[in-house]
Amino acid sequence: MSRSASQSQHIRKPAAISEKGLVASQNRIASEIGASVLRRGGNAVDAAIATSFALGVVEPWMSGIGGGGYMIVRRAGDAGAQVVDFGMRAPAGLRTEDYPVTDGKAGDLFPWPLVKDDANAIGARSVAIPGQVAGMGAAHRAFGTLPWAELVGPAVAEAEAGLVVDWYAQLILSGAAKGLARFPASRATYFDADGFPMASAWTALDQTRCDQRALAASLATIANKGADAFYEGPLSEQIIRDLQAEGGRHSLEDFRQYRARIVPAAEYGYKGHKVFGTPDMTAGPTLARVLHLLGEWQPVGPKPTAEDFATFDRAIRQANRERLEMMGDPATEAAPSCTTHFNVVDEDGMMVSVTQTLLSIFGSRMILPESGILMNNGIMWFDPEPGKPNSIGPGKRCLANMCPTLLERSDGARFGLGAAGGRKIMPAVAQLTSFLLDYGMDADEAIHEPRIDVSLAEKTIADSAMPADLLARLQRLVPEITFAPRTVYPYSFACPSLVGRSGKTNSGATEVMAHWADTVTADT
């Protein structure tokens, strides 16, 4: 934390309340687009599809049609829930010799050994086969009610208008400028005529915009011809041409064979409550293990104590160690916030929770010249060293940290939640789950409650907004601890959002310090 930062300001972002449904996402424009779908009679999945595509335009560095993710859906009258798995996978033609290990450690999301030329993190050879479009298509076929083109259309319009560069967008662009500068189409989109990252206008009477018209054309193709147009036909041929021109091993067959899956959600009990999570290849199983370890523990008061946070710390660390041993996903460094999460609940009580990503911020940093699509760097999820449980290999599914989750409390209240932030995601979701189920908090109370982050192997970070006596006690219980505030940038903690439903009343809340994040209701 900068010593220059104010230590006296207190910021709150009250939860929104509605009986008409609402959308809580990391961008106000995307939330408005989703809520407008609810107003037109669409259900929660319709709104989620529109929000998903919109986020790829208005918050392009976090997710988009060049990425992938997971959606969990529970209809109002259903006992169980369904997961739409649109995770990414390695191309079948991937060659492990393209990723030679060199001295040092990579400085991005994971502590893998450094790969020559950052081939697994930047550029065409870092790109996994995207699943976002297929996932939304599968969700629409299974659960949607409104026409597909109406749901993708708002994202087309936003891309045609271009991304407005305010101070926050300028901050993000400047921080990623070195990687973006390597690729001509990325420079053309995000840099000005003098070769500098786009800057926000100095007055309220002017606007700076990034040109996203090529992306708009690709989205229009998807809107008019359906989700399959991304995987077969002229658009997929454009994508493959651009990737191969930059050394990618991708093929049209990789795209043709990609399928999103709809599978039953993992369901388990927790102290008389119900939890619905994502299955394998996500942080869902690790969350389940944390809650199992907390099964015999009971809070002693209405708010978490230092002893409670120490219990969270131990349970999360044990679950992460087991994940490392079983799934090969070391946790020695924390990841920057490079994902997006949103939740939707409609008037009838259908609830959706979605996490989607490009993996790193700006993914591969490479915008494809013909299609205008910013591509993921999903190959970074794999360990470049051979012989490990998660070693890089052709056709393999990517192991992700995403953790969208649905809850049903014993009193009948339901919640949808998740977070962005790499390895910070699961610790945040675990604590929010406890806040909601063990302490009986509502959405507003839970989102404002201070948390700890347990994503680092040897260090715990506690929110410095906790009471001084709690912090002092926590420091004695968890010696390897440091304190940091929740700030706009950088994030010391995950960026969560959640929705709730009690009776016919819906609520939604987003991360207090996320400048763009907001909940929008379907009320007219």
Can you return the aspartates and glutamates within cross-link range of residue 13? Criterion is Cα-Cα under 18 Å, with same-chain partners fewer than 8 residues away left out. 32, 442, 444, 445, 449, 463, 511, 518
List the residues, sorted by chain then number, that are 5 or more residues from residue 270 or on another chain and whose placed amide H is less than 5 Å from its amide H. 275
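Treating only the Cβ of Lys, Arg, Asp and Glu as charged (+1, +1, -1, -1), what charge dipole size does the chain show about its Cα centre? Round to the nearest 20 debye. Could the numbers behind the result be given before it?
Values: 49 positive and 58 negative charges, 91 e Å.
It comes to approximately 440 debye.
How large is the convex hull of the C-alpha atoms of the stretch 153-194 per residue, in Å³?
Working: hull volume 3.9 nm³, N = 42.
Expressed per residue, the convex hull around the Cα atoms of the stretch 153-194 is 92 Å³.
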So the pair-distance distribution of the stretch 187-236, from every Cα-Cα distance in 5 Å bins, comes to percents of 4, 18, 18, 13, 13, 12, 12, 7, 3, 0
With a 10 Å radius around each residue's Cβ, average the other Cβ atoms per peptide and rank 398-410, 214-226, highest first. 398-410, 214-226
When a/c is below 1.5 the answer is rounded, else prolate if a/b is larger than b/c, else oblate, so apply that to the stretch 78-213 with a ≥ b ≥ c taken from the square roots of the Cα gyration tensor eigenvalues. oblate
Tell me, what HN-Hα J-couplings in whole Hz come from the Karplus equation 6.51 cos²θ - 1.76 cosθ + 1.60 at θ = phi - 60° for each residue of the stretch 273-279, using x for Gly and Pro? 9, 10, 10, 10, x, 7, x
Given Cα pairs under 8 Å that are at least 6 residues apart, what percent is the relative contact order of the stretch 471-524? 22 percent
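Hey, what's the per residue convex hull volume over the C-alpha atoms of the stretch 384-504, in cubic angstrom?
Working: hull volume 19.5 nm³, N = 121.
Taking the convex hull of the Cα positions in the stretch 384-504, it is 161 Å³ per residue.
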Relative contact order (%) - the chain, alpha-carbon pairs under 8 angstrom, separation at least six: 26 percent
Under the Karplus relation 6.51 cos²θ - 1.76 cosθ + 1.60, θ = phi - 60°, what is the ordered set of whole-Hz ³J(HN,Hα) values for the stretch 232-241, x standing for Gly and Pro? 9, x, x, 5, 5, 5, 4, 4, 5, 4
Calculate the length of the line joining the C-alpha centroid of the stretch 133-177 to that of the stretch 1-78, in whole Å. 11 Å
Looking only at aspartates and glutamates whose Cα falls under 12 Å of residue 20's and that sit 8 or more positions away or on another chain, we get 346, 347, 348, 523
Taking a straight Cα-to-Cα line shorter than 16 Å from residue 459, and setting aside same-chain lysines fewer than 8 residues away, one finds 424
Base-10 log of normalised Debye intensity for the stretch 37-139 (one unit scatterer per alpha-carbon) at q = 0.16, 0.17, 0.18, 0.19 Å⁻¹: -0.83, -0.89, -0.94, -1.00
Going by accessible area, probe 1.4 Å, with all protein chains left in place, what is the ranking of 268, 168, largest first? 268, 168
For the stretch 335-453, list log₁₀ I(q)/I(0) at each q in 0.14 Å⁻¹, using the Debye formula over Cα point scatterers of equal strength and ignoring solvent, two decimals each. -0.73
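Over all directions, average the projected area of the Cα convex hull of the stretch 126-186 and note it in nm². Each step should come with its number before you reach the end.
Details: hull surface 25.2 nm².
Average projection, Cα convex hull of the stretch 126-186: 6.3 nm².
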Which of 6, 482, 179 sits closest to the plus end of the dipole of the chain, meaning its Cα is farthest towards the positive end, when Lys and Arg get +1 and Asp and Glu get -1 on the C-beta? 482
Rounded to whole Hz and in sequence order, give me ³J(HN,Hα) for the stretch 493-500 from the Karplus expression 6.51 cos²θ - 1.76 cosθ + 1.60, θ = phi - 60°, writing x for Gly and Pro. 10, 5, 10, x, 8, 7, 10, x
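The values are calculated or read from the model by the stated rules, or taken from the named source; none is laboratory data. Computed from a predicted model, the values in this text were never measured in an experiment. Virtual Cβ from ideal backbone geometry, glycine too; neighbours counted across all protein chains shown. Please note that ligands, DNA and RNA were not included when accessible areas were found on the heavy atoms of the full protein model with its side chains. Shrake-Rupley method; radii C 1.70, N 1.55, O 1.52, S 1.80 Å.
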